[in-house]
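What follows is a short report on a single structure.
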Ligand SMILES: Nc1ncnc2c1ncn2[C@@H]1O[C@H](COP(=O)(O)OP(=O)(O)OP(=O)(O)O)[C@@H](O)[C@H]1O
Ligand SMILES: [Mg+2]
């Protein structure tokens, strides 16, 4: 059923995204060493990884980046555990909307064996697929080191990593940084995008169809107008409207989605110096080009803006996928962010 709010783990509950799914499957068949699934939050990354995890016949392990304190120790130890046991292992809980597993850590230790002995065991275990969800929550620099170490020494390992903030994933993968440990190594990047209007329409119709409900096109269009094509929000709406049968399903969904979006924004703003500037860019990113946007933001800030400073802030908002550039114009990547800006 489509309108369940947990990440999906079966192909029949997972709508579309065949292209992305096949890209990952083929990359695994080719035994690519690093496959990265990237996309904005709630687009379906965990669901895609879940399904592929379930279908993978090789020795495999699942790591939730939110509970890894020290990637250098823990990722290594987790792989060693799986290699020793020759059995699949899951570290961390596969997330659902309100569960937070921050900082729990997990208890795997590298007994008394020497590094050489451990490496020999990992090397002898054959092919291992390591799934890392929420990779950007780990210490990204350390994770980059770990990945490059395994990349060079254990060609039979594949890492499938996913992360929500595109900028962070680029930090892990080091795409444009020649000093980065992974620089120059082959990485397969699979980008998940939101559904277009037709896709969103089809998704909602089929989802309501599974529940034996008929919902008017007008109502569905209205919901898509408000929520856009992010499958996570559409699922939440379908759940409210179709399963819980709430009267004001759309309003409820858009409120809780805005709250979730606001939480992410708060997290991001904690790391910036000029919070007002960032918020002003977001408030004004309504289909304007660079120059127009700078003028509007300058007016709101009450002073002309240094172009470099403005450009840097705008670039970071794009990197972290709060803002998108389409046809030379800047837009919020998710219409709910317009509400979120006023909640932070
Ligand atoms: N292709 C799909 N078909 C049906 N439902 C989906 C699909 N992709 C995602 N969903 C639903 O959308 C919501 C978000 O999915 P998921 O948790 O996989 O996204 P995510 O990108 O990992 O999000 P986050 O960045 O918050 O971790 C869930 O309710 C999930 O059930
Ligand atoms: Mg996820």
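The values are calculated or read from the model by the stated rules, or taken from the named source; none is laboratory data. From a predicted model like this one, the values you see are computed outputs, not experimental measurements. In this analysis, Cβ positions are derived from the backbone assuming ideal geometry, glycine residues included, and neighbour counts consider all displayed protein chains.
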Would you mind telling me which numbered condition in (1) touching a residue at least 40 places away in the same chain (Cβ under 8 Å); (2) assigned to a helix (DSSP H, G or I) residue 186 fails? (2)
Answer with yes or no whether residue 101 is over 21 Å from residue 11 (Cα atoms), at pLDDT below 90 and surrounded by 13 or more Cβ atoms within 10 Å (Cβ to Cβ). yes
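Step by step: first the residues of region 213-245, then only those that are under 18 Å from residue 258 (Cα atoms) and not in a helix (DSSP H, G or I), then the one that is modelled with the lowest pLDDT. Which residue is that?
Here the answer is 228.
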From 18, 70, 13, 64, grab the single residue that is exposed (fewer than 15 other Cβ atoms within 10 Å of the Cβ) and within 12 Å of ligand 1 (Cβ to nearest atom). 18
Filter result for the condition that a residue is in contact with a helix residue (DSSP H, G or I) (Cβ under 6 Å, 6 or more places away or on another chain) and at pLDDT below 95, over 341, 297, 266, 318: 341
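Let me confirm something: among 320, 296, 330, which residue is surrounded by 15 or more Cβ atoms within 10 Å (Cβ to Cβ) and out of contact with any strand residue (DSSP E or B) (no Cβ under 7 Å at 6 or more places or on another chain)? Don't jump to the end; show me each part of the working.
On the way: 296 fails: out of contact with any strand residue (DSSP E or B) (no Cβ under 7 Å at 6 or more places or on another chain); 330 fails: out of contact with any strand residue (DSSP E or B) (no Cβ under 7 Å at 6 or more places or on another chain).
Just a single option satisfies the conditions, and that option is 320.
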Only residues that are over 23 Å from residue 154 (Cα atoms), under 14 Å from the mean Cα position of the chain (by Cα) and in a helix (DSSP H, G or I): list them for region 21-78, please. 45, 46, 47, 48, 50, 66
Out of 171, 175, 165, I need the residue that is modelled with pLDDT under 90, out of contact with any helix residue (DSSP H, G or I) (no Cβ under 7 Å at 6 or more places or on another chain) and in the same structural domain as residue 58 (by TED's automatic domain parsing). Which one? 175
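Answer with yes or no whether residue 20 is under 13 Å from residue 192 (Cα atoms) and in contact with a strand residue (DSSP E or B) (Cβ under 7 Å, 6 or more places away or on another chain). Spell out how you get there, then give the answer.
Values: under 13 Å from residue 192 (Cα atoms): yes; in contact with a strand residue (DSSP E or B) (Cβ under 7 Å, 6 or more places away or on another chain): yes.
So residue 20 passes the test.
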Flagged in region 32-86 as within 16 Å of ligand 2 (Cβ to nearest atom) and either out of contact with any helix residue (DSSP H, G or I) (no Cβ under 7 Å at 6 or more places or on another chain) or without any contact (Cβ under 8 Å) to a residue 12 or more places away in the chain (or both), in numbering order, are 40, 45, 46, 47, 49, 50, 53, 54, 64, 67
Could you please give the count of residues in region 124-162 that are within 16 Å of ligand 2 (Cβ to nearest atom) and closer than 17 Å to residue 61 by Cα? 9
